[in-house]
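The values are calculated or read from the model by the stated rules, or taken from the named source; none is laboratory data. Nothing here was measured: the structure is a model prediction, and the numbers come from that model. Neighbour counts run over all protein chains shown; Cβ positions are idealised from the backbone, glycine included. All accessible areas refer to the heavy atoms of the entire protein, side chains included, with ligands and DNA or RNA removed. Shrake-Rupley method; radii C 1.70, N 1.55, O 1.52, S 1.80 Å.
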Amino acid sequence: MAAPRQHKHDRQDCIPASQDTSSRAAKREYRILLVEDEPADAELMARHVRQSGMRSIWHRVDSERALRDSLSTFQPDIVLSDFTLPQFDGLSALNIVQKLAPSVPFLFVSGTIGEERAIEALRGGAVDYVFKTNLARLVPAITRALAEAAARLERERQAAQILRLTRVLRMLSGVNALVLRIRDLRELFEEACRLAVSVGGYSTAIILLQQTGATALEPVACSGRDSAVADAMRDMVAESAGHRNGVIDRVLKTGAGYVGNDTADLASTADASTFLLRVGLQSVVALPLLIDATAVGVLMLTTPDAGAQREEELQMLHEVAANLSFAMQYLQKDDAVRFLSHFDAHSGLAKHALFCERLARILAQTHEHSYRLAVAVLDVEQLSVINDSFGRHMGDLLLQHIADRLRRQFHDTHLLAQFGGGTYAVALDSTPIAPDSAAMLRTMLGAVFDQPFEIEGRRIPVVITTGLALYPDDGTDAVALVQNAEAALHSARSSGQRHLHYSTEQQSEVVARLALEHDLRTAIELRQFELHYQAVVNTSSQRIEGVEALIRWRHPEAGLIMPAAFLAVLERTGQIADVGAWVLEQAARDCQRWHGLGLPAVRIAVNISPIQLRRPDFVPRFLELTQAWASIECGLDIEITEGALLEGCQAEVECLKLLRKAGTRVAIDDFGTGYSSLSRLSELPIDTLKIDRHFISRLPEDQVGRTLVSTIITLAHALGMSVVAEGVENPEQLAVLRELACDRSQGFLFSKPLAGEDFATLLGASG
């Protein structure tokens, strides 16, 4: 950078030139260009800045020509300008700076600028204005302008980096698509080079291969923004390919990539660096193309920017080279189908089979008894919700961004995989620095997912569930390790845990759970379920005023199974909707039958899952079952758990409102366990609160339990609701409930749950 010319009045050094160089480097010096015709005013401004402690170098100009020259030679950090000048005005200076140095902040310092002119200047691009009569504002205004300019430059740098990474990621996806589509190797390489330039944004892309019987590499594909530069680059690379200790020779011998972020530093290849600098290319990356771990080719890319190749970009480029290498190996055998089965087309990560193959190759080369390796299979939770909320396109982009972050975190990218959808796998071996590979793996995965993903202006947080298996404790071969990590993942999903290490006990539980799921599918097909009924009685008169339908499973071998053993599985597998529909139909049939036999009319309460409420046909189907014959005394009512009606379930609440309007009563079951707020409770379409049996079991001895039950009853009555006490088992509990004015009771004191025929007998006797 050339130093500006110095004149008697055009330079003000706020720091003496004799000051120690190391001290000058301790704090940044800002280069301030002053457009001012009065040297005294310039000196006054410089003194204000000097007194503030800001280190600065000043250069003063008073003409348009001097301003234009100084923008290129002095290269200021900020421009201060008077508004009225003898030779030209401040607005003209502003226009010149915006045209020649748009990133440099421009600030007016004037004694003549008026309010209207100041507003016009701000609209024109000035960052601020300071009156010469109030120079106390000068330093804060300069500081703020410099900070805003630095922040803007940093945002632009980050945006450029994100854009660059996005282009390389698109290039990676494009190369993967080419591998799946193109069977001719030379055509594949030509298209890959074209993509590197047109999509990846590189200046030139060249692929060199070792031909049969030859020792040096030969260019087989080349592309560039400037065809003349690309051709010259290809010729230069072809000529230097056989040079010993050259970049290409080094990549071939070591099988490791080469990155030259400043071609001026390529001392060992002076001719090449001279050529690259002459054509304006300052960064080079050369990556090996491997077959069976042997380098047989090189992918070389160049850019005009020094320091362009960052770690995240290099990891993706290594993945491009790895996929091209894999394509070489398999396309030469005309086996594109097998390639498709080995790589995910969107993320470029290995699929299940290739991951196991790579893992097996590592384990086969390991002979140390102390060797440790961790394999994790992780699953993105609620991916379907993201797809439903933002669209499948957003879900696909999220999966690509996850793959990108995994590549950045795990440098050994050939031990990354995508098993399909939102399921990924990663392996990590122990190191002398971090011998606990399992702990290190959890830490690294935490770093991948601790921050939300920013995609198309949206911040999407991602939660994962992880299953972990260790070599050699949890398996001595690749297939066993991966299977056991997947088994641990399945156990983690079922138990609601975020991370789970494989164990044989958990595997036994998984096998038992899978057997249960299979048996339940059979039970649904063969209608092995039945309904039992438990009376709900008036606490004072002990007359039956209602009944609750309770599902049972009549297993052909295990006998009668209680719902606690299988309802959670039905909920998790989504089968609860089909079983719930059967429960409604059976309860409706029994209610009609009892009424037809002349038994006392009762309303049957049926437990409804939130999954059922969310089905769009639930309300019309329910009304179709009941409206033709239901009455005030006879029909079906609904019970739903307290937790199902917390915040964020407005659609379910609307369903309940429609049913209540049609005469159906709604009860909250197990009240007291879901932490409902009073304001929320008052807004819900509820007729009855059913106090959970846990609170009733504390009566009559427990004074705290008595207070809780009393409070719930008082609250319900205040909100116009009735109360049912569940789990009443002795007369002492009943006496307390009578005293507390509880409306109805349910429990073994009156009747245990009975099969339909037995309950009909009980109902007839009560009448």
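Quick notes
- Across region 472-481, the qualifying residues are those that are small (Gly, Ala, Ser) and assigned to a helix (DSSP H, G or I), and the one among them that is surrounded by the fewest Cβ atoms within 10 Å (Cβ to Cβ) is Ala480.
- Any chance Ser722 is among the hydroxyl-bearing types (Ser, Thr, Tyr), in contact with a strand residue (DSSP E or B) (Cβ under 9 Å, 6 or more places away or on another chain) and open to solvent by less than 10 Å² (accessible area, probe 1.4 Å): no
- Filter pass, Gly174 being touching a helix residue (DSSP H, G or I) at 6+ places or on another chain (Cβ under 8 Å) and surrounded by 14 or more Cβ atoms within 10 Å (Cβ to Cβ): yes
- Close Cβ contacts (under 7 Å, 6 or more residues apart or on different chains) running from residues in region 463-490 that are on the phi > 0 side of the Ramachandran plot to residues that are at pLDDT 90 or above and open to solvent by 10 Å² or more (accessible area, probe 1.4 Å) comprise Gly475/Asn484.
- Looking only at residues in region 130-145 that are among the aliphatic types (A, V, I, L, M) and in contact with an Asp or Glu (Cβ under 8 Å, 6 or more places away or on another chain), the one that is farthest from Val79 (Cα to Cα) is Ala141.
- Which numbered condition Asn484 misses (of (1) closer than 30 Å to Gln400 by Cα; (2) surrounded by fewer than 16 Cβ atoms within 10 Å (Cβ to Cβ)): (2)
- Listed by first and then second residue, the pairs linking a residue in region 412-428 that is touching a residue at least 12 places away in the same chain (Cβ under 8 Å) and within 22 Å of Ile386 (Cα to Cα) to a residue that is aromatic (Phe, Trp, Tyr) and open to solvent by less than 30 Å² (accessible area, probe 1.4 Å), with Cβ atoms under 7 Å apart and 6 or more places separating them unless they lie on different chains, are Ala417/Phe355; Ala417/Tyr424; Gln418/Tyr424; Ala425/Phe355.
- Within region 393-421, considering residues that are at pLDDT below 90 and not in a helix (DSSP H, G or I), the one farthest from the chain's Cα centre (by Cα): Asp412
- Residues of region 520-540 satisfying the condition of being assigned to a strand (DSSP E or B) and under 16 Å from Val583 (Cα atoms): Phe529, Glu530, Leu531, His532, Tyr533, Gln534
- Within this structure, Phe622 passes the test of being aromatic (Phe, Trp, Tyr), touching a strand residue (DSSP E or B) at 6+ places or on another chain (Cβ under 9 Å) and crowded, with 21+ Cβ neighbours inside 10 Å.
- Filtering region 625-641 to residues that are touching a residue at least 40 places away in the same chain (Cβ under 8 Å) and touching a strand residue (DSSP E or B) at 6+ places or on another chain (Cβ under 6 Å) leaves Gly635, Leu636, Asp637, Glu639.
- Residue check for Thr443: part of a helix (DSSP H, G or I), over 27 Å from Leu163 (Cα atoms), out of contact with any strand residue (DSSP E or B) (no Cβ under 7 Å at 6 or more places or on another chain) and among the hydroxyl-bearing types (Ser, Thr, Tyr): yes
- Taken over region 83-135, the criterion of being surrounded by fewer than 21 Cβ atoms within 10 Å (Cβ to Cβ), assigned to a helix (DSSP H, G or I) and in contact (Cβ under 8 Å) with a residue 40 or more places away in the chain is satisfied by Lys132, Leu135.
- Meets criteria (out of contact with any helix residue (DSSP H, G or I) (no Cβ under 7 Å at 6 or more places or on another chain), charged (D, E, K, R), modelled with pLDDT of 65 or more and at negative phi) for Glu36: no
- Residue identified as out of contact with any Cys (no Cβ under 7 Å at 6 or more places or on another chain) and at pLDDT 80 or above among Phe390, Phe339, Phe343: Phe390
- Inclusion of Leu550 among residues that are outside any helix (DSSP H, G or I), at pLDDT 90 or above and open to solvent by 30 Å² or more (accessible area, probe 1.4 Å) is warranted.
- Filter result for Glu739 (among the acidic types (Asp, Glu), surrounded by fewer than 17 Cβ atoms within 10 Å (Cβ to Cβ) and closer than 21 Å to Asn607 by Cβ): no
- Counted residues, region 146-180 - those being modelled with pLDDT under 85, under 18 Å from Gly201 (Cα atoms) and β-branched (Val, Ile, Thr): 3
- Here Glu571 does not fit the description of being loosely packed, with under 14 Cβ neighbours inside 10 Å, acidic (Asp, Glu) and touching a residue at least 40 places away in the same chain (Cβ under 8 Å).
- Residue within region 73-80 that is in contact with a strand residue (DSSP E or B) (Cβ under 7 Å, 6 or more places away or on another chain), at pLDDT 90 or above and among the aromatic types (Phe, Trp, Tyr) present: yes
- Answer from Asp77, Asp82 - the residue that is closer than 26 Å to Thr133 by Cβ and under 47 Å from the mean Cα position of the chain (by Cα): Asp77
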